[in-house]
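Trainee: Here it is, the structure, as structure tokens.
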Amino acid sequence: MAAKRRERRRAAWPMVMGLALGLVWPAWAHAWGVAELMQALAQSGSAKARFTEKKFIGFLSQPVESSGELSFTAPDRLEKRTLAPQPEVVRLVGTRLVIEQPGKRQLVLELGGRPDAMAFIESIRGTLAGDQEALERYYTLEIKGRAEAWQLTLLPRFDSMRKVVTRIRMEGSQAQVALVAFDQADGDRSEMRITRVSSP
């Protein structure tokens, strides 16, 4: 009898292992990290969205709020069109930044020779493009959560950047970015919430 019980236990092990693997396998299949997020974002290509932004400034009792539209066209065109409270268009193509305001002369800046400015631009553009190499040129990347609800933190690598911004935090689901938050070294911060607009 003892021999038969041992034999049944040995025969049961493959079933137990199969059940265990069945429980564990979904976690392997849905592994989520920086590389997986970047791949998902890279595949999303162009996108349009609405945004609402709040800037929390130390000497003001209430946040400064604005809203408008965002558009990104891979690989390097990013446009922020503020509609309220004052209209403004900020357009970036490659390393060229253009700022347009009603009644004012168009401002054109070439940022190719300003690595500090490019670092902040790449924090958003590099994320939307899923360009991990561009991001890691300037930031240490940390990710939490899962595909359906992730949080990506960008920590500046260089002292010159940390004097301006201490952390950039992004949140989203799958290949959609829902929040971009900047924590500045002087204590001010901003939060931009993004709602993607479906293509017609």
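The values are calculated or read from the model by the stated rules, or taken from the named source; none is laboratory data. These numbers come from a predicted model, not from an experiment. Note that we place each Cβ from the backbone using ideal geometry, even for glycine, and neighbour counts take in every protein chain shown. Ligands, DNA and RNA are stripped out before the accessible areas are found, and what is left, the full protein with its side chains, is counted by its heavy atoms. Shrake-Rupley method; radii C 1.70, N 1.55, O 1.52, S 1.80 Å.
Trainee: For a quick check of your reading of the model, give me the residue pairs whose first member lies in the stretch 162-190 and is in contact (Cβ under 8 Å) with a residue 12 or more places away in the chain and assigned to a loop (DSSP other than H, G, I, E, B), whose second is of a type in the set (K, R) and open to solvent by 40 Å² or more (accessible area, probe 1.4 Å), with beta-carbon atoms closer than 6 Å and at least 6 apart or on different chains.
Mentor: A185/K163
Trainee: Among (1) in a strand (DSSP E or B); (2) without any contact (Cβ under 8 Å) to a residue 40 or more places away in the chain; (3) under 14 Å from V34 (Cα atoms), which single condition is G145 missing?
Mentor: (2)
Trainee: Count, please, the residues in the stretch 163-200 that happen to be of a type outside the set (S, T, N, Q), open to solvent by 80 Å² or more (accessible area, probe 1.4 Å) and closer than 19 Å to K80 by Cα. Write out each step before concluding.
Mentor: Kept after step one, since they are of a type outside the set (S, T, N, Q), are these residues of the stretch 163-200: 163-165, 167-172, 175, 177-183, 185-189, 191-194, 196-197, 200.
Checking which are open to solvent by 80 Å² or more (accessible area, probe 1.4 Å) leaves us with 163, 167, 186, 189, 193, 196, 200.
Now restrict to residues that are closer than 19 Å to K80 by Cα: 189, 193, 196.
Qualifying residue count, the stretch 163-200: 3.
Trainee: Pick out the one residue from A175, A119 that is among the hydrophobic types (A, V, I, L, M, F, W, C) and either in contact with a strand residue (DSSP E or B) (Cβ under 6 Å, 6 or more places away or on another chain) or farther than 17 Å from A47 by Cβ (or both).
Mentor: Being among the hydrophobic types (A, V, I, L, M, F, W, C) and either in contact with a strand residue (DSSP E or B) (Cβ under 6 Å, 6 or more places away or on another chain) or farther than 17 Å from A47 by Cβ (or both) holds for just one of A175, A119, which is A119.
Trainee: Further, regarding this structure: Could you check the stretch 44-64 and list, in sequence order, the residues that are exposed (fewer than 14 other Cβ atoms within 10 Å of the Cβ) and touching a residue at least 40 places away in the same chain (Cβ under 8 Å)?
Mentor: Scanning the stretch 44-64 gives a single hit, G58.
Trainee: Step by step: first the residues of the stretch 150-167, then only those that are modelled with pLDDT of 95 or more and of a type in the set (A, V, I, L, M, F, W, C), then the one that is farthest from the chain's Cα centre (by Cα). Which residue is that?
Mentor: L155
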